[in-house]
Amino acid sequence: MDASVERVSTRAGGLRSIPLIDLGRAGPVALARRSRAVARALIASARRDYGSLALRLASGLSARWLSRAGDPYRDEIAAVAAVLGESAAWTLNLSYEWFCTTGTAPDPGGEGNRLMRTLDWPLEGLGRHVVVAREEAAAGVTYNVTWPGFVGMVTAMAPGRFAAAINQAPMRRAGLPLALDWGLVRLGVWRRQALPPAHLLRRVFDHAASYAEARAMLIETPICLPAFFVLSGLAPGEGCIIERLEDEAFVHEGPLAVANDWLTPGLDGTPRGAQCETRRGLLTERLATVADGFAWVVPPVLNACTRVAVVTNAATGRLLVQGWEADGPATAVFDLARARAA
């Protein structure tokens, strides 16, 4: 496929085809420049949900914090904001309000390890506008399941190296009303100078040459707030869930799934989203039995907030993606092998 071509079409039934966009080494700023209308549509959706004043205030704080923390991707976010003419790009790049169900296990097809995940977030448009970006960095090629204007990584696959995804961790509570507890968490972030989880995952894909290197970076690198990292390698036994606090890690070997509640007993926080234990149990059961595809995306793993579903195997280079909105599938199923051959 010509690297300069972005393929976007609508199939029968009104389902959009997810584009494969070859960015080379140009990075997320180039994606925002090529897809300004999509990025602005997502910001408009956020403005409807959160309000213009809240976005404007949060963007100013986000820009100041990233600068003070010396974040390696702050200049890219500034460039995205300039390209779009939208300061809200700062806020959306640090938003961390999604829920997820993600698991890793030996591929029942017989080769390698497989990662399966859904990402849930009530923001309208994330399912319709998801893209797959082919990106090149020091460690090799990565296929990033992302959106125009977003600089970090939350779900990606590097053929011949590994695949990984982020889940949001439970929210720490101090017994105050939810909004005040949320503010206390963000105050703690403000006091730290460590990477946001999505920026750490991007650094891992940019620089880690192997599953072992990725695992070490995800365990050892300080982050600004807790997160789950789900990592899937090449061999059937290379799969784990890394529960991260800011400066501490708890590693659970696969096959296993995680939602938004801690696997390690005694860790502090209130689970995010509904039916975490049921979601986790359902995906753990399906990991070893279902064939590639999205037959496993059923309630409660599937819910009104589900926006993206992914199946990927770094050993075989397999990547399947589908976008969802509150009323059901929003895109046709993306198959990397077919997209590359087109």
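Points to keep in mind about this one:
- Only helices enter the 222 nm calculation for the chain: every DSSP H run of n ≥ 4 contributes -39,500 (n - 2.57), and dividing by all residues gives -10000 deg cm²/dmol, rounded to 500.
- Cβ crowding within 10 Å averaged over residues, with 212-221, 116-125 ranked highest first: 116-125, 212-221
- Under the shape rule built on the C-alpha gyration tensor, where the axes satisfy a ≥ b ≥ c, the chain is rounded, since a/c falls short of 1.5.
- Overall form of the stretch 275-342: oblate. Here a/c, set by the Cα gyration tensor axes a ≥ b ≥ c, is 1.5 or more, and a/b is not larger than b/c.
- Listed values for the stretch 273-286 are Karplus-derived 3J(HN,Hα) couplings in whole Hz (6.51 cos²θ - 1.76 cosθ + 1.60, θ = phi - 60°), namely x, 9, 6, 4, 5, 5, 4, 4, x, 5, 5, 4, 5, 7, and x replaces Gly and Pro.
- For GLY317, the residues whose amide H sits under 5 Å from its own are GLY160, ignoring neighbours fewer than 5 places away on the same chain, with H placed 1.01 Å from N.
- Antiparallel %, DSSP beta bridges [both residues in the stretch 193-286], to 5: 90 percent
- For the chain, the Cβ-based charge dipole about the Cα centre amounts to some 920 debye (Lys, Arg positive; Asp, Glu negative; other atoms uncharged).
- The 3J(HN,Hα) values that the Karplus relation (6.51, -1.76, 1.60; θ = phi - 60°) gives for the stretch 102-111 are, in residue order, 9, x, 9, 6, x, 5, x, x, x, 10 Hz. Gly and Pro appear as x.
- Taking Lys and Arg as +1 and Asp and Glu as -1, the other residues whose beta-carbon sits under 11 Å from that of PRO196 total +3.
- The ranking of HIS207, HIS199 from fewest to most other beta carbons within 10 Å of each one's beta carbon is HIS207, HIS199.
- Residues whose amide H comes within less than 5 Å of that of ARG114, counting only those at least five positions distant or on another chain, are ALA105, ASP107 (H built at 1.01 Å from N in the peptide plane).
- Ordering VAL154, VAL333 from the fewest to the most neighbouring beta carbons within 10 Å gives VAL333, VAL154.
- Global form of the stretch 27-67, assessed from the alpha-carbon gyration tensor, a/c cut-off 1.5: oblate
- Residues whose amide H comes within less than 5 Å of that of THR155, counting only those at least five positions distant or on another chain, are VAL145 (H built at 1.01 Å from N in the peptide plane).
Just so you know, all these numbers are worked out from the coordinates, no wet-lab data involved. Note that the structure is a prediction, hence the values are computed from the model and not measured. Using ideal geometry, Cβ is built from the backbone for each residue, glycine included, and neighbour counts are taken over all protein chains shown.
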